[in-house]
Amino acid sequence: MRRLILIFLVLVGTAAPALAQDDKKYDVNIGGGAMFPLGSYKDSFDTGGSFNIGATYFINPMIGIQGEYNYGKMSGPEKTILVSPTPGGITSSQLIQSNQQMNNFLFDAVIRPPQPRDRIVGGYLLGGLGLYHRQVQLTSPAVGFTTFCDPYWYVCYPAAVSVDNILGDRSSNDFGINFGGGLTFGHEVKFYIEARYHYVWGPTINAGGVATPSASTTTASTNASYFPLLFGVRF
């Protein structure tokens, strides 16, 4: 009987590592891909690129805490503005170009289901909060006066102003949420595909072109959502 018990314990001890969940305490991820603006946000910016680097500490084999830096850039579609040499004068169409750069710091909970060590394909879910720094750059060769309103460009001037009032850089620091998931392929070094939904709460834009966290009279919100699709490695 003792021999049978001993044999059983040896077999269990041999099989357990093959069925055990990944017991790594730390995980580093580097990746990049495309980011797709959603809703009315995509009227102001086209599909762009994204880069991310982060690290995860696993409290236990299934649950981890991830900190991540993410950079993204989206160029806006070419638009025209009506420009006149004087307010109320004869107008002509002039080109205006835009781009938005994002520097984000994300803090997420990561959940990965139990997975036998000999399985190549795995998966995970994640979600959490983030601080999003959005910077918009507007350029144009135009000179004169115009009216223009696009909340995602942080600009709204229903009355004629100098084009110089519209051009230049504007930025905002906003809070947001994100959630999504990914698939991993490999063992120690894993290739991954990840998709996440981001929603960012932005300032409101007054009719005078000023961005404020809150205002009694506003024209539009700068709340935005987008969807990155990323490819990278975890090790």
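The values are calculated or read from the model by the stated rules, or taken from the named source; none is laboratory data. Everything quoted here is computed from the prediction, not taken from an experiment. Quick reminder, even Gly has a Cβ in these numbers, built from the backbone with ideal geometry, and neighbours come from all protein chains shown. Accessible surface areas use protein heavy atoms only, side chains included; no ligands, DNA or RNA. Shrake-Rupley method; radii C 1.70, N 1.55, O 1.52, S 1.80 Å.
Tabulated data
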| quantity | calculated |
| --- | --- |
| D_trans [Stokes-Einstein, Kirkwood Rh over alpha-carbon pairs] for segment 126-190, 4 °C, 1.567 mPa s, µm² s⁻¹ | 85 |
| Per residue solvent-accessible surface (Å²) - the chain, probe of 1.4 Å | 52 |
| Selected from Leu95, Leu129, Leu38 as most flexible by GNM, with the chain as the system and alpha-carbon contacts under 10 Å | Leu95 |
| Between 0 and 90°, nearest 10: helix 2-19 axis offset from the chain longest Cα axis | 20 |
| Projected label distance in nm at Ile177 and Ile90, using a 7 Å step from Cα toward the beta-carbon | 5.5 |
| Spherically averaged projected area of segment 86-185 from its Cα convex hull (nm²) | 9.0 |
| Distance (nanometres) between label positions extended 7 Å along Cα→Cβ at Gln135 and Asp169 | 0.4 |
| Lysine pairs with alpha-carbon atoms under 17 Å apart, the chain, spacing 8 or more or separate chains | 4 |
| Percent of C-alpha pairs per 5 Å bin, the chain, short to long | 1, 6, 12, 15, 13, 11, 9, 7, 6, 5, 4, 3, 2, 2, 1, 1, 1, 0, 0, 0, 0 |
